[in-house]
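Structure first, then comments.
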């Protein structure tokens, strides 16, 4: 049912400190470092990490952006969804690394099997795989 995918959107996060975000993606989610730029203060200004066709960019804003420094367990206004080829294997991999799962691995009525984690800044990061057909339950009208 699943097919190899090509990403069409690359999320770019503005955060106060790149290092915790970059380290989370590398150490906990298994991404690899693609590139980074160090600022005059010796801290990272920009970093890009990749894994299996997924790319995440992160950067410190030149000027203060309201909310960029907030680290929240409640979350942020944007959720990021990555479609991957084997969500069960990836779930096993990240849980073995000790990643806290925010939303458990579940097969949904819209045909996706997914789980979610929170990054250090509170963004919900979803990993999904289409495993079935779209079948709304009784009482849900889909158009």
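The values are calculated or read from the model by the stated rules, or taken from the named source; none is laboratory data. The structure presented is a predicted model; accordingly, all values stated were derived computationally and were not measured. Positions of Cβ are backbone-derived with ideal geometry, glycine not excepted, and every protein chain shown enters the neighbour counts.
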Subset of region 125-141 (residues that are closer than 11 Å to residue 79 by Cα and at pLDDT below 90):
none
Of everything in region 75-109 that's out of contact with any strand residue (DSSP E or B) (no Cβ under 9 Å at 6 or more places or on another chain) and modelled with pLDDT under 95, which residue is farthest from residue 12 (Cα to Cα)?
109
Of all residues in region 83-109, how many are free of Cβ contacts under 8 Å to residues at least 40 places away in the same chain and touching a helix residue (DSSP H, G or I) at 6+ places or on another chain (Cβ under 6 Å)?
1
Those residues that are within 13 Å of residue 121 (Cα to Cα) and either loosely packed, with under 15 Cβ neighbours inside 10 Å or modelled with pLDDT under 95 (or both), I need them from region 22-33; list them, please.
23
Among the listed residues 47, 36, 116, 68, which satisfies the condition of being modelled with pLDDT under 90 and surrounded by 12 or more Cβ atoms within 10 Å (Cβ to Cβ)?
68
